[in-house]
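What follows is a short report on a single structure.
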Protein chains: 2
Amino acid sequence: MPASHSCITCAIRGPQCFCTLPALDLLDLDTIGAPHDIAANQTVLREGYSADRVYIICKGRIKISAASEGGRLLLVRIAGPGDVLGLASILRTTNHKVTAETIEPCQLKSIPRAAFIDFMRGSPDVSQNTALAVAREYEAALLSARRLALSTSAAGKLASALLDWARMNHIHNNEALEFAMPLTHEELACMAGLSRETVTRLLARFRVEGLVDQQGERMTLHEPAKLQSLYC
Amino acid sequence: MPASHSCITCAIRGPQCFCTLPALDLLDLDTIGAPHDIAANQTVLREGYSADRVYIICKGRIKISAASEGGRLLLVRIAGPGDVLGLASILRTTNHKVTAETIEPCQLKSIPRAAFIDFMRGSPDVSQNTALAVAREYEAALLSARRLALSTSAAGKLASALLDWARMNHIHNNEALEFAMPLTHEELACMAGLSRETVTRLLARFRVEGLVDQQGERMTLHEPAKLQSLYC
DNA sequence: CGCTTTCTTGAGAGAGATCAAGGGTAGTGG
DNA sequence: CCACTACCCTTGATCTCTCTCAAGAAAGCG
């Protein structure tokens, strides 16, 4: 059981990480959370279900999506270490508005609602990080909405999805953007509100036009500006 | 100058209101904010500009939107008394991601970033309300994204826009939903990601089918369930 | 080396955008 | 009181883009 993760010795801190906190708060965090190891392709939160706890992601990536009854899917974002799942629902005491599924083996820390609220109210830093974490979720949702509403063409939507992904995961930024693209065409389609086939066709077109290059999981956007301009 | 609004005597408190706070916090709030009266059709925040203050809405409604270079528009929500503008941007220290325009004469209270952060960190209740306010923004953005991505048909998108609006502004709920609909077809189109003409045509169709009834600004949805089912 | 998952490419149809022209209503000012 | 303007709504015709259906290729995995 490697689930004995300690928040105090944890290495994954960063400006985008909820658990970047003063030592005192980390001690508290360590006591109130229950660690979990979860396999890939498991559902952590299910849309529509009541929210009684939050999950802090310690390791692994988790797909955040919303679905319609008709089976249509919207991929909102991929959450990673330092993100908190279920925050907005806990705060508002509503049902979950999204579904969260692990896409690889993950290490989470679950905290019951009441304990989390106490934890938050007990420290200004925790409060601020909580608000920040929700603000990040907000921005991801807004990006999705923008993409879907403001692009007139399918090309624009896909370009926007790729650029947004690049901004969050870029490795090099020497004019061209290079990054890991683990998403399938199906998943990109769900991000951009397109059909799988259209994504395939557009990526082929982008490749021919020299805008995009893909070797395995490594994707390069050679002319971000040109892609941007498709956004219209 | 009726801009001498006091937070302590202010009547518009509610569960959805940022300024529903203990008396002590209200005293603080009263000292740090500068009241403003603003005419209709004025821009309060402009997308892309840097965020140096938040605005609490005391009176009036404000349109929150995002635009593309091509002039295309997405209407995210209509904010009202008790909402806070620019919160997410202040917290993340990014540029504004949305534009806010008054749609009627408004009374606002502006608070510089530093003062607001101090205010927030100084009280658990303010912190919690801040997080809550951002969570509400998140939910609105998510609703927009859902609507745009998950509805296959234009009818579904419009139905979803109407239902979401109804949920936020309903008056009666005796099977049928009745509410004020001050939005023009153009604005509804921006909410649903459709063209103005399509909105006109669909509303006409809904009227013929007995789903929707409109008398001036008063709109009634007679069969919410049927509208819902269009969502697919 | 079969099996599943993912990608590729083609052909056809339909929904909605766009363009266009006209009508209704409210506000303004002579 | 009436012209005039501005804004919004309505309806029609056309055309294009993307979805859908279909059939197969490629690639990863036990």
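The values are calculated or read from the model by the stated rules, or taken from the named source; none is laboratory data. Quantities reported herein were computed from a predicted structural model and do not represent experimental measurements. Glycine also receives a Cβ, built like all others from the backbone with ideal geometry; neighbour counts cover every protein chain displayed.
Scanning segment B:201-228 for residues being out of contact with any strand residue (DSSP E or B) (no Cβ under 9 Å at 6 or more places or on another chain) and either assigned to a strand (DSSP E or B) or on the phi > 0 side of the Ramachandran plot (or both) gives a total of 3. Among the residues of segment A:199-221, how many are surrounded by 17 or more Cβ atoms within 10 Å (Cβ to Cβ) and either more than 10 Å from DNA strand D (Cβ to nearest atom) or over 16 Å from residue A:155 (Cβ atoms) (or both)? Residues meeting the conditions: 7. Being more than 14 Å from chain B (Cβ to nearest Cβ) and crowded, with 22+ Cβ neighbours inside 10 Å narrows it down to one residue among A:44, A:76; which is it? Of the residues listed, the single one that is more than 14 Å from chain B (Cβ to nearest Cβ) and crowded, with 22+ Cβ neighbours inside 10 Å is A:44. For segment A:94-113, the criterion of being out of contact with any strand residue (DSSP E or B) (no Cβ under 9 Å at 6 or more places or on another chain), modelled with pLDDT of 95 or more, within 13 Å of chain B (Cβ to nearest Cβ) and surrounded by 22 or more Cβ atoms within 10 Å (Cβ to Cβ) is met by no residue.
For segment B:184-198, filtered to residues that are out of contact with any strand residue (DSSP E or B) (no Cβ under 8 Å at 6 or more places or on another chain) and part of a loop (DSSP other than H, G, I, E, B), the residue that is nearest to residue B:141 (Cα to Cα) is B:194. The one condition from (1) crowded, with 23+ Cβ neighbours inside 10 Å; (2) facing another protein chain (nearest Cβ under 9 Å); (3) within 16 Å of DNA strand C (Cβ to nearest atom); (4) not basic (Lys, Arg) that residue B:141 does not meet is (3). Only one residue in A:136, A:205, A:201 is touching a residue at least 24 places away in the same chain (Cβ under 8 Å) and over 21 Å from the mean Cα position of the chain (by Cα). Which one? Just one listed residue meets the conditions, A:205. Here the condition is being within 12 Å of chain A (Cβ to nearest Cβ), more than 16 Å from DNA strand C (Cβ to nearest atom), assigned to a helix (DSSP H, G or I) and not hydroxyl-bearing (Ser, Thr, Tyr); of B:135, B:149, it holds for B:135 alone.
In segment B:101-125, the residues that are closer than 22 Å to residue B:46 by Cβ reach residues that are among the aromatic types (Phe, Trp, Tyr) with C-beta atoms within less than 6 angstrom, at least six apart or across chains, in these pairs: B:108/B:55; B:110/B:55. Looking across segment B:144-193, the residues that are of a type in the set (A, V, I, L, M), buried (at least 17 other Cβ atoms within 10 Å of the Cβ) and closer than 23 Å to residue B:88 by Cβ come down to B:145, B:148, B:149, B:161, B:191. Condition test on residue A:81, is it over 19 Å from residue A:14 (Cα atoms), more than 14 Å from every other protein chain (Cβ to nearest Cβ) and not small (Gly, Ala, Ser)? Criteria not met by residue A:81. Of all the numbered requirements in (1) within 20 Å of residue B:131 (Cβ to Cβ); (2) part of a loop (DSSP other than H, G, I, E, B); (3) out of contact with any helix residue (DSSP H, G or I) (no Cβ under 7 Å at 6 or more places or on another chain); (4) more than 13 Å from every other protein chain (Cβ to nearest Cβ), residue B:19 misses one, and that requirement is (3). Answer with yes or no whether residue B:196 is without any contact (Cβ under 8 Å) to a residue 12 or more places away in the chain and either surrounded by fewer than 16 Cβ atoms within 10 Å (Cβ to Cβ) or within 16 Å of DNA strand C (Cβ to nearest atom) (or both). Criteria met by residue B:196.
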